[in-house]
Amino acid sequence: MARFRIAAAALSVFGATVATGLMSSVRAQGSLFTTTEVDETKFVLVAAPIGSGERSQLNIYEQRTSARPCYAVSGSAPAVVDPLLATFDFTGICNRYIDGNGYSLRIGGDDLGTRYRLSVIKSANDVQLMAVPTRNPSEPTLLVARAGGFGNNFVQLKLEPGWRLMRRQYGKRTLGHLYVYRDGVQSDSGSASETAVPNETEQTP
């Protein structure tokens with residue numbers, strides 16, 4: 001019986017140690033990757049229509065070389081994007097990021113890809129890119145970008161003040177993954193209400 005109590009106590013300590021280690025690993029995950037600057041003039045954020053265009057999802061196009069244009073932008077409020085890269089083999093010329101495998105949300109040192117999704121939300125007079133919490137509904141929904149007008153076709157999303165694109169980095173290695181990034185969230189950062197919004201397009205984490 002004494003040996004059993006000792007073994008049980010040892011197992012309890014081991015379990016607590018493992019749990020503590022796991023929690024430490026989770027807390028450290030945000031700092032596993034760092035960030036590096038990109039030339040934002042080479043990128044465009046797009047609300048890309050799904051099906052008939054009633055719903056849209058975030059696409060990000062990157063012009064890697066000047067061999068031929070990857071996209072064309074015309075007009076304003078909203079600006080319309082012509083995804084030229086869809087008409088040719090863009091290997092080595094363009095990059096296209098179409099879901100959560102290619103981009104995620106990051107605020108300061110926190111990689112929030114598993115806690116937030118980037119969703120395109122349509123209203124009567126605008127198309128907005130929102131960061132929507134996926135785990136804790138009490139966390140704020142953040143306004144990240146907007147088109148400045150309504151459209152059912154490919155429209156440009158312009159980042160709100162304070163937001164920018166950065167690339168994920170692991171040690172000294174620069175990765176392909178993009179961050180929609182902000183240094184921190186301020187009280188005047190443009191947070192939206194947490195009420196459900198119709199026509200919300202979910203992104204795959």
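The values are calculated or read from the model by the stated rules, or taken from the named source; none is laboratory data. This one's a predicted model, so the numbers in the text were calculated from it and none came from an experiment. Because the Cβ atoms are built from the backbone with ideal geometry, glycine has one as well, and the counts that use them run over all protein chains shown. Areas reflect the complete protein model, heavy atoms only, side chains present, ligands, DNA and RNA absent. Shrake-Rupley method; radii C 1.70, N 1.55, O 1.52, S 1.80 Å.
Are there any strands (runs of 3 or more DSSP E) wholly within segment 71-155 with 1 or more residues that are more than 20 Å from the chain's Cα centre (by Cα), modelled with pLDDT of 95 or more and within 19 Å of VAL46 (Cα to Cα), and if so which? Ranges flagged: 72-74, 80-82. Using the structure shown, decide if VAL80 is open to solvent by less than 60 Å² (accessible area, probe 1.4 Å) and in contact (Cβ under 8 Å) with a residue 40 or more places away in the chain. Yes; evaluated as a whole, the condition is true for this residue.
When residues in segment 139-151 are screened for being in contact (Cβ under 8 Å) with a residue 24 or more places away in the chain and open to solvent by 70 Å² or more (accessible area, probe 1.4 Å), 1 of them pass. Sub-7 Å Cβ pairs linking a first residue in segment 161-188 that is open to solvent by 50 Å² or more (accessible area, probe 1.4 Å) to a second residue that is at pLDDT 95 or above and among the charged types (D, E, K, R), at least 6 apart or interchain, are ARG164/GLU40; THR174/ARG167, ordered by first then second residue. Of all residue pairs spaced 6 or more apart or on separate chains, those with beta-carbon atoms under 8 Å, a first member in segment 55-77 that is of a type in the set (Phe, Trp, Tyr) and a second member that is open to solvent by 40 Å² or more (accessible area, probe 1.4 Å) and part of a strand (DSSP E or B) are TYR61/ASN95; TYR61/ARG96; TYR71/ASP82.
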